[in-house]
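Each value in this text was obtained by applying a stated rule to the coordinates, not by laboratory testing. The shown structure was predicted, so the numbers you read here are calculated from the model rather than taken from an experiment. With ideal geometry, Cβ positions are generated from the backbone for all residues, glycine too; neighbour counts draw on all protein chains shown.
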Amino acid sequence: MLDHSRRILPALLLIATVPAFAADKSKAKATADDDAPSYAQAQPATENIDLTMYQRIREEELQHSHIMEYASALTDDIGPRLTGSPNMAKANAWTRDQLTAMGCVNAHLEDWGEFGMGWQQLNTWVRMTSPDTAVFIAQATPWSPSTNGAVSGEAVYVNIQDEKDFDKYKGKLAGKVVFLGEMRDVPPVDKALFERYSDKELEEIAEYPVSDREARDFQARLRVYLQRYQLADKIAQFLANEKALAVVRPSRDGKNGGGSGGTIFDDNGAALGRQPYLADHKVKLPVVVMAIENYGRVYRLLEAHVPVTIEMDVETKFTGDHEHGYDTVAEIPGTDPKLKDEVVMVGGHLDSWIAGTGATDNGAGSVVAMEVMRILKALDVHPRRTIRIALWSGEEEGLFGSRGYVKQHFGYAPPLTTPDQQALPEFLRKTGPLEIKPEQKLISAYFNVDNGSGRIRGIYLQGNAAVAPIFAQWMAPLKDLGVTTISMRNTGGTDHLSFDAVGIPGFQFIQDDLAYESRTHHSNMDTYEQLQAADLKQIATVEAIFVYNAAMRDQMIPRKPLPHPELRDKLNAPIPNLFPGAIPPAEEKK
C-alpha cells in the first residue's frame, strides 16, 4: 500500500478532476485490506515497545534465573537423549512436567510418527593388546549392535573408495577388527578453540551475499556426499558378508583442529551405513568411533606391517524396532478476544547424540526456551496472543519432530516418489505443490536457538526484509547486551527451516560460536561444563523479549511470499560426512 502522506499537495490539485467513484473504490480497497490477515496488512513504521517490560524481563532472568538448574537436570540427570531412546522418553516427560509446574497450560507430548529403533549405549571400551598395551578413547556409534562380551581380533586397515575396491579385501576380513577410513592430518591447534564474534565478523554476517559461490561450494560437497551416500550401505553389507569382527572409525576433525586431544565426534556420520535407526537398515556388526590419535597409532603400525591385536567390548541395548517420536508442547494462553487464537512459538530440539550429554546441542536451546516460559509466568504476563513452546525430537536425524509437527498442523510439500528421487536422501528430493492447512494463518512467528551456549549477537532474517525495521527497533534497547546485528541471510541446519518451508516466519539467532564447532558439537565434550551461565541468561533475556513483543504487537510478523518447493534453496540442508577422514580437509570445511 502506498504511503499517501508524502503526496498531499498533488492530491489536492487533482481533487476537482477525480471521478466520484474513486471514493467508493478507495473504501472497497480499505475493506479488502482490513479483511486480510494482519501479517499481510501495512506494518506501522514505529513499534510500540514496553520498556518497563524490558526491564522486568532483564531483572527476572539476570537476578533470579533457573536456567542452570534446568541444564543440570537435563544433562547430568537424564543425560544424552538419542531419538527413540529411553533417555529421550525421560526428557519428554520431565520437560512436560516442568512446564506444568511453572504454570503453563495444556502441557503434553505430541506423537509425530514412527521413528525407528530405540537404542542406548551401556558400556564401550577398546584397547590394544599387542605389540604393546594401550587403552583407547572410543565409543559405540549410534545403533551399533553389541559384541556380546569382550572380543579380540587382528586389526586390518581397509580403504574403500568405490565398489571396485571390494575385490582387494574379499576373503581377508573374517574375524578381523576393521579400521575403516583414511587417516587424516592432525595439525597443531594454533588458533583458539573458544571464539566470540569480532565486530568485523558481525559486519560480514550482516552483508547480504549476492554471488553464487555458496551454490558452487554446495554442489562440490554434494557430489562427494552422494558418492559416499550411495556406497555406504554396500560397504556395511560387504563387511558383514565377509564376517568382520567389528569396525573402528576415525573421529572427524573440528573447526581450528578441535577434533584432537581426545575429542571424538560420534554422530550419524560416524555410523556405518545410511539410516542405521531403521530395522531394515540395521547395522550388522559392532562399530565404534575412536580418537584420531589412537586411530593414528594403529594405522601407522599397520602401514609398517606390524601386527596389531585389538580387544574390545561394546555393550548396547535395543528397546524396540518401531519407536515413535514425540515433541513436548505447552502454552501460555492469549487473552485478547481478537488475537488469542493467534500463536507465537518458541523452541529448540531436545534430542542429542550420545557421546556427551547434549549440553550445547541442544540442551542449551531447550532450557532457554523453558526459561523463556518461566520468566513470562513469573512476571504474570497475560499475552494478547498465545505463546507456545515446542521441544522437538528427531532433529539430528532430519528435523523429524518439527517437520512432523508442521505437517500435522500447518502444511506440507510431499517429496516426489519417482525412482530417481527415492534414490536420494529426503532432504535433497524435489517436492510437489505446497499444501497449506488453516492453522498456518494463525502462527505469527517461530523463534529458535540451536547454536550452542554463546550469547545472542543478532538474528538471521531468512530473507524476510519486511521484518528488518521491526527487529531493529526491538534490538535497540538491547545494545548493551551485545545484540546489534541483523542479517538477511538464510541460516540452516535446524528446526526453524520446517516453519520457513511452509511460509511461516521462522528465525534463528546469531550466537557467539564459543567452542561449539571446534569441540562440543556432537562430541564427547558436549557436557554441562561447556555451558556459559552468563551467556545463557543473556539468551533467555533476549528471546523472552522477542517472544513478548511478537505476542503483544497489533499485527502478526510480516511474511515472505509462499515458497516454491520446486525451487527451494538446498544450501540450508546440512551434509553429513558419512566417511570421516575420507573427504579432503579443505573440501570438507567449505
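Exceedance of the 22 Å cut-off in Cα-Cα distance is limited, within the set Lys200/Lys479; Lys282/Lys317; Lys164/Lys234; Lys172/Lys317; Lys282/Lys407, to Lys172/Lys317; Lys282/Lys407.
Straight-line reach from Lys340: taking Cα to Cα under 17 Å and skipping same-chain neighbours fewer than 8 places apart, the aspartates and glutamates in range are Glu331, Asp380, Glu439, Asp554. Using R0 = 60 Å, the C-beta based FRET efficiency linking Glu154 and Gln41 works out to 0.25. Note on Asp554 and Thr309: their simple-model spin labels are 8.2 nm apart, each label 7 Å out from Cα toward Cβ.
Full extension of the chain between Ala192 and Asp380 yields a length gain of 63.4 nm, computed as 0.36 nm times the residue separation minus the alpha carbon distance. With the highest mean first, a sort of the peptides 503-512, 480-489 on other beta-carbon atoms found within 10 angstrom per residue produces 503-512, 480-489.
Overall dimensions of the range 326-476, expressed as equivalent-ellipsoid semi-axes from the Cα gyration tensor (√(5λ), whole Å, largest first), are 28, 21, 16. Given their separation in residues at 0.36 nm each and the Cα-Cα distance between them, Asp341 and Asp50 gain 102.5 nm when the chain is fully extended. Based on the Stokes-Einstein relation at 25 °C and a viscosity of 0.890 mPa s, and on the Kirkwood radius from alpha carbon pairs, the chain is assigned a translational diffusion coefficient of 96 µm²/s.
In terms of packing, defined here as the mean over residues of other Cβ atoms within 10 angstrom, the peptides 448-457, 377-386 line up highest first as 448-457, 377-386.
Computed over the alpha carbons of the range 91-202, Rg followed by Dmax gives 23.2, 64 Å. A convex hull fitted to the Cα coordinates of the range 414-497 yields 128 cubic angstrom per residue.
Its Cα centre serving as origin, the chain has a Cβ charge dipole (Lys and Arg +1, Asp and Glu -1) of approximately 1000 debye. For the range 118-320, the antiparallel share of DSSP beta bridges with both residues in that region comes to about 65%. Peptides 286-292, 403-409, 470-476, ordered by how many other C-beta atoms sit within 10 Å of their residues on average, highest first, read 286-292, 403-409, 470-476. Specify which residue in the list Thr75, Ala240, Ile486 is farthest towards the positive end of the charge dipole of the chain, using unit charges on the beta carbon of Lys, Arg (+1) and Asp, Glu (-1), about the Cα centre. Projecting each Cα onto the dipole axis, the largest value belongs to Ile486.
For the range 186-211 and the range 311-344, write down the distance between their C-alpha centroids in whole Å. The two parts, judged by their Cα centres, are 33 Å apart. Dividing the C-alpha radius of gyration of the range 118-320 by 2.2 N^0.38 Å, with N its residue count, gives 1.15.
In this simple spin-label approximation, Glu182 and Glu204 carry label points 7 Å from Cα along the Cα→Cβ vector, and these lie 2.7 nm apart. Could you point to the residue in Pro86, Leu302, Pro415 farthest towards the positive end of the chain's charge dipole, with +1 and -1 charges on the Cβ of Lys/Arg and Asp/Glu respectively? Farthest along the dipole direction, towards plus: Pro415.
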